[in-house]
């Protein structure tokens, strides 16, 4: 017989724990009355523990209800089970059953477009570039949803995928390649989420590779037909000093940005988005943040004396070193065409902005005895095999200073 009665529980006003026996307690505080079961853990350290049985309610969680639950928990403890662990297990099982029931209901109504948009919302955070975020969903809206967006994601077939890719594989190969990868990712998401049980109909190896020619081979063939090799046009290094001297006479921040790009052999994005805080001109180091690097890893760029002189001679207009084209552009970086437009004004048709990296690499390789690794590291490239990189973790920054000064002297005709 328990120590508590239904009437006593209802009238109880003294704060604290009130025992009923067998590990069952009623606790009263400012928040109200709540049932607890105290026991000794059957496993591990055999510590004293307690578990809540819920708030007291004279209709839905009475003394009788609490005694029944406590009796079940005492039986669990006698059998070597922890009530807390068992309750969590039952909760997880119930949640899994509910989720499975929802998935079964959804299988017939979840269209490819619904699942694709859900995939996009869950994954867009991994694309730091807003343009890439938009391209991911825009290409699906343009080339996929009109054909299979209305189809159940569980029922879409290889034939459906071909409806999307056939019209663009030969004419818009790079776009088609990316569309296929995104469609594959959506189907993978559907499969792992339980919305689809059959195999992914958009995988390349062993499936679509047997239907379509490889994208790289198609692009290579097109370049051959046009008489090019498919790489960015690069100014021959023998012409670089003359071009650089002409560039020093050009006006505008775009020309200054292009000079820094040539002196550092940098990619376009780090130069466009560079901020003054990234430079340590005393140490002659430019620390490029990971978000501006292609491989998303912070990079230390060795600055030549010429690069330092260029920066020290510039007026600081904004946090960005190279702001947009007018006073209204303060707070915004140089536009995407900020440097390429300089080449157009100078009537340079045999070079691209990105191609100056090749100009630098060719000069170092052909005209100096410097270790090729220095040039590759200056370009932000990985050097050696994965196992070699595991042991050689340095960035050769100190040695790169000398190389960048040699390159700058060559450009300036020193």
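The values are calculated or read from the model by the stated rules, or taken from the named source; none is laboratory data. What you are looking at is a predicted structure, and each value in this text was computed from that prediction instead of being measured. Using ideal geometry, Cβ is built from the backbone for each residue, glycine included, and neighbour counts are taken over all protein chains shown.
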Counting only residues in the stretch 16-25 that are without any contact (Cβ under 8 Å) to a residue 40 or more places away in the chain and within 53 Å of the chain's Cα centre (by Cα), the one farthest from residue 38 (Cα to Cα) is identified as 16
When the stretch 73-103 is checked residue by residue, the ones that are exposed (fewer than 11 other Cβ atoms within 10 Å of the Cβ) and farther than 23 Å from residue 22 by Cα are 90, 91, 92, 93, 94, 95, 96, 97, 98, 101
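Is there a residue in the stretch 316-339 that is farther than 24 Å from residue 406 by Cβ, exposed (fewer than 12 other Cβ atoms within 10 Å of the Cβ), assigned by TED's automatic domain parsing to the domain that holds residue 382 and at pLDDT 95 or above? Spell out how you get there, then give the answer.
Step one: list which residues in the stretch 316-339 are farther than 24 Å from residue 406 by Cβ, which gives 316-338.
From the residues that got through so far, the ones that are exposed (fewer than 12 other Cβ atoms within 10 Å of the Cβ) too are 316, 326-328, 331.
Subset that is assigned by TED's automatic domain parsing to the domain that holds residue 382: 316, 326-328, 331.
Within this subset, residues satisfying the condition of being at pLDDT 95 or above are none.
Checking the stretch 316-339: not a single residue is farther than 24 Å from residue 406 by Cβ, exposed (fewer than 12 other Cβ atoms within 10 Å of the Cβ), assigned by TED's automatic domain parsing to the domain that holds residue 382 and at pLDDT 95 or above.
In this structure, does residue 242 turn out to be under 18 Å from residue 338 (Cβ atoms) and out of contact with any helix residue (DSSP H, G or I) (no Cβ under 8 Å at 6 or more places or on another chain)?
On the way: under 18 Å from residue 338 (Cβ atoms): no; out of contact with any helix residue (DSSP H, G or I) (no Cβ under 8 Å at 6 or more places or on another chain): yes.
Judged against the criteria, residue 242 is not a match.
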All-but-one check, residue 195 against (1) buried (at least 18 other Cβ atoms within 10 Å of the Cβ); (2) modelled with pLDDT of 95 or more, failing number (2)
The residue from 261, 208, 242 that alone is out of contact with any strand residue (DSSP E or B) (no Cβ under 9 Å at 6 or more places or on another chain) and over 19 Å from residue 344 (Cα atoms) is 208
The condition of being assigned to a loop (DSSP other than H, G, I, E, B) and crowded, with 17+ Cβ neighbours inside 10 Å holds, among 116, 156, 185, only for 156
A careful count of residues in the stretch 31-53 that are touching a helix residue (DSSP H, G or I) at 6+ places or on another chain (Cβ under 8 Å) and in a strand (DSSP E or B) gives 8
